[in-house]
Amino acid sequence: MGLDMCRAIRKLRAATGVDINMRVGVHSGSVLCGVIGLQKWQYDVWSHDVTLANHMEAGGVPGRVHITGATLALLAGAYAVEDVSMEHRDPYLRELGEPTYLVIDPRAEEEDEKGTAGGLLSSLEGPKMRPSLLMTRYLESWGAAKPFAHLSHLESPVSTSTPLPEKALASFSPQWSLDRSRTPRGLDEDLDTGDAKFFQVIEQLNSQKQWKQSKDFSPLTLYFREKELEKEYRLSALPAFKYYAACTFLVFLSNFIIQMLVTNRPPALAITYSITFLLFLLLLFVCFSEHLTKGVLKGPKMLHWLPTLSGLVATRPGLRVALGTATILLVFVMAITSLFFVPAASNCPSRTPNVSSVAFNLSWELPGSLPLISVPYSMHCCVLGFLSCSLFLHMSFELKLLLLLLWLGASCSLFLHSHAWLSDCLITCLYPDPLDSRPGVLKEPKLMGAISFFIFFFTLLVLARQNEYYCRLDFLWKKKLRQEQEETETMENLTRLLLENVLPAHVAPQFIGQNRRNEDLYHQSYECVCVLFASVPDFKEFYSESNINHEGLECLRLLNEIIADFDELLSKPKFSGVEKIKTIGSTYMAATGLNATSGQDTQQDAERSCSHLGTMVEFAVALGSKLDVINKHSFNNFRLRVGLNHGPVVAGVIGAQKPQYDIWGNTVNVASRMESTGVLGKIQV
């Protein structure tokens, strides 16, 4: 990896003409990994081997990979190396006496640094282009990694403003060319996979095997296997109950119209229907009372409770079952009301040779003013009664089965037993001459009615069973959807908290939400920012790796306590403007003035824009106080060394896989030197 990094820098230097180099130090050993602090968590490693690796980089040679003897032994001769003379090593390495080596790049001699990308870009852009602009064009063509770019699949990160030939790009960026060639194929594969999953879900939804394969409820009773889930289903609200009641009223109205047209409308029947109409209107008023809220609220206060009736019906399962059952029974009763005015048995009128046609027509009238011709229509009203039972979709299958059985038994007993003579009488009137052929058995009204009753009974029973299944399945899916939404919301909130812990509060919204632009680099310039570096130099001497402290683990616990106490100060209101940047070992880096809008720091309000400098000084003093408390409890004598500086900086988020917010500029460098050259227990500014 170190060689690849050096090669990339050489290509960039050759392409742009900018004199840049990279030093790489490598050492292999044991480390402790962990995350410290309360804010701006950073995954880091600690050990003496890490310190040695840092010095390997500091004492390395630009453009070469500097490795220790321990690392060379592990490489087992895979690379050619050359020794580094003792006088050219870092003082720490000379004191340690560790032999070090420089890895020889086997591809260095094969690369023609002047003839690859440099000549290409110079021919495309012209020989007189400034190096800085040349680097910008090169990076645009190369496709710079952007924060959170791996989370977005909207567009390719490569700029299209200055396109370069594919072969040219491949010459100095083969990986970019390879990724670009893979992108359409990978996208097509993703789409194909998504389509296959989509159609698979559709097949599962349409498959009748769900009846047997469902693991959430019993295939026989359709009860949920979890008792709590079954209880929740039965106690769930049903806002659509009012529409079921309205549809049942339409069935009742159909029965009323049929009986008013085919009967002679006796007064008793009219009175019965009038009372039933009032009951239905009262039921509909209760179910739809919520729609009268505006009108009722304008009236007397004693009527303000009326709109709540609709909510009670929708949320009280017991009340819904009682009202639904009463409504269905009411339709059942009114479907056969006209038969109640006919005696159980009567002499059938028959046509004799001495009876005139007019007299015979009058004989069609039975006692109770019920014409014989209305018998088939009474059966049709019974069929509508069956239909009313299936209108309440969320009524339990057991209750529907009970009501359907009750209605089937009542209808069959009426037309096949107690009022069977009506059918016989109708046949006698239709075929008065004994010499005429009688109709077939299947054409007799009572038998046809009974067959119709059984057909509707079994059909509605199957539909009720299927409807029960889909109602429960719909409830289950909605519940799982709510759970997934809650989990997704929890994950989003957790992601937001984690992101806000990594990035400042004013930067995090740039990468979250519907309007995030994670394909753009975030950067901001500030004219007056105060930068703080606070370190505990004594901790380097305190840190040790032994069996007593679990190979340095207890030392890191103390460091975590120090950093965590420092982070607690950030939650105080007076330090709300202090932004923690990062920790570097035992060094704490923070800044103020980063929440100001770029460009507002003009000369006329320069005093106001730099008013946060005092806050940073107070924060530095508070850090020292916190460390004194830790010393008191841990019986140590750590002292804080603080450096401060203020001036212009550039802030931004860098990195694609593990983005990090940081600040750059000479102001930061001077603040670091203020700390490194400072005095223990003092603040150098």
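May I ask you to derive the FRET efficiency for Phe340 and Val462 from their Cβ-Cβ distance with R0 = 30 Å, giving the value to the nearest 0.05? Let's see the in-between values first.
Details: r = 32 Å, r/R0 = 1.06.
Efficiency, from the Cβ-Cβ distance: 0.40.
Viscosity 1.306 mPa s, temperature 10 °C: give me the Stokes-Einstein translational D for the range 241-289 in µm²/s, with Rh taken as the Kirkwood radius over C-alpha pairs. Each step should come with its number before you reach the end.
Values: Rh = 11.6 Å.
This corresponds to a translational diffusion coefficient of 137 µm²/s.
In a shell of Cβ-Cβ distance under 13 Å around Val321, excluding Val321 itself, what net charge do Lys and Arg (+1) and Asp and Glu (-1) give? Don't skip to the answer; put the middle values down first.
Values: positive: Arg234, Arg316, Arg320, Lys400; negative: Glu398.
Around Val321, the surrounding residues sum to +3.
Heavy atoms only, probe 1.4 Å: what % of the accessible area of the range 624-669 goes to carbon and sulfur, would you let me know? If you can, show how the numbers build up before the last one.
On the way: 1280 of 2400 Å².
Whole-percent figure for carbon plus sulfur exposure: 54.
How do 225-237, 611-623 rank on mean C-beta neighbours within 10 Å, highest first?
Details: 225-237: 13.0, 611-623: 18.2.
My ranking of the peptides, most packed first, is 611-623, 225-237.
What nm distance separates the two modelled labels at Tyr470 and His633, each placed 7 Å from Cα along Cα→Cβ?
Going by the 7 Å Cα→Cβ label model, 6.4 nm.
Applying the Karplus parametrisation 6.51 cos²θ - 1.76 cosθ + 1.60 with θ = phi - 60° to the phi angles of the range 314-329, what ³J(HN,Hα) value in whole Hz is obtained for each residue in order, glycine and proline being reported as x?
Per residue, the Karplus-derived 3J(HN,Hα) values read 6, 9, 9, x, x, 5, 5, 5, 5, 5, x, 5, 5, 5, 5, 4 Hz.
Hey, if you drop one equal point scatterer on each alpha-carbon of the range 374-416 and run the Debye formula without solvent, what base-10 log of I(q)/I(0) do you get at q = 0.25, 0.29 Å⁻¹?
These q points yield log10 I(q)/I(0) values of -0.86, -1.02.
Summing Lys, Arg as +1 and Asp, Glu as -1, what charge do residues with Cβ under 13 Å from the Cβ of His304 carry, His304 excluded?
Details: positive: Lys294, Lys298, Lys301; negative: Glu290.
Once all neighbours under 13 Å are counted, the net charge is +2.
Return the distance in nm (one decimal) between the two label points of a simple spin-label model at Lys294 and Met260, each offset 7 Å from Cα along Cα→Cβ.
Label at Lys294, label at Met260, 3.2 nm between them.
Report, by chain and number, residues whose modeled amide H sits under 5 Å from the one on Ile36, excluding near sequence neighbours (fewer than 5 apart, same chain).
Counting only residues 5 or more places away or on other chains, the set is Gln42.
Specify whether the C-alpha gyration tensor of the range 1-40 places it in the rounded, prolate or oblate class, a ≥ b ≥ c being the square roots of the eigenvalues: rounded for a/c under 1.5, otherwise prolate if a/b is larger than b/c and oblate if not.
Values: a/c = 4.36, a/b = 1.99, b/c = 2.19.
Judged from the Cα gyration tensor, the range 1-40 comes out oblate (a/c at least 1.5, b/c at or above a/b).
Beta carbons within 10 angstrom, averaged per residue: use that to sort the peptides 77-83, 574-580, 396-402, highest first. Intermediate values should be presented prior to the final figure.
Details: 77-83: 11.1, 574-580: 18.7, 396-402: 16.4.
Top to bottom by mean Cβ count within 10 Å: 574-580, 396-402, 77-83.
Can you bin the range 14-113 into rounded, prolate or oblate? Criterion: square roots of the alpha carbon gyration tensor eigenvalues sorted a ≥ b ≥ c, rounded for a/c under 1.5, prolate for a/b above b/c, oblate for the rest. Numbers along the way, then the final one.
Details: a/c = 1.88, a/b = 1.33, b/c = 1.41.
Cα axes put the range 14-113 in the oblate bin.
Amide H of Tyr522 versus every other amide H placed in the peptide plane: which residues, excluding those fewer than 5 positions away on the same chain, fall under 5 Å?
Result for Tyr522 returns Val653.
Kindly flag which residue pairs out of Lys400/Lys446; Lys400/Lys480; Lys572/Lys626; Lys572/Lys632; Lys540/Lys582 have an alpha-carbon separation exceeding 21 Å in this structure.
Values: Lys400/Lys446 25 Å; Lys400/Lys480 28 Å; Lys572/Lys626 14 Å; Lys572/Lys632 23 Å; Lys540/Lys582 18 Å.
In this structure, Lys400/Lys446; Lys400/Lys480; Lys572/Lys632 lie more than 21 Å apart at Cα.
How charged is the neighbourhood of Arg482? Take every other residue with its Cβ under 14 Å from the Cβ of Arg482, and add Lys/Arg as +1 and Asp/Glu as -1.
Numbers: positive: Lys478, Lys479, Lys480; negative: Glu232, Asp474, Glu484, Glu486, Glu487, Glu489.
Residues close to Arg482 contribute a combined charge of -3.
Pairs of Cα atoms under 8 Å, at least six residues apart: use those to get the relative contact order of the range 492-581, whole percent.
Numbers: 25 pairs, mean separation 11.0, N = 90.
Dividing the mean separation by the residue count of the range 492-581 yields 12 percent.
The values are calculated or read from the model by the stated rules, or taken from the named source; none is laboratory data. Quick caveat, the model's predicted, so the values are computed rather than measured. Using ideal geometry, Cβ is built from the backbone for each residue, glycine included, and neighbour counts are taken over all protein chains shown. For accessibility, only protein heavy atoms count, side chains too; no ligands or nucleic acids. Shrake-Rupley method; radii C 1.70, N 1.55, O 1.52, S 1.80 Å.
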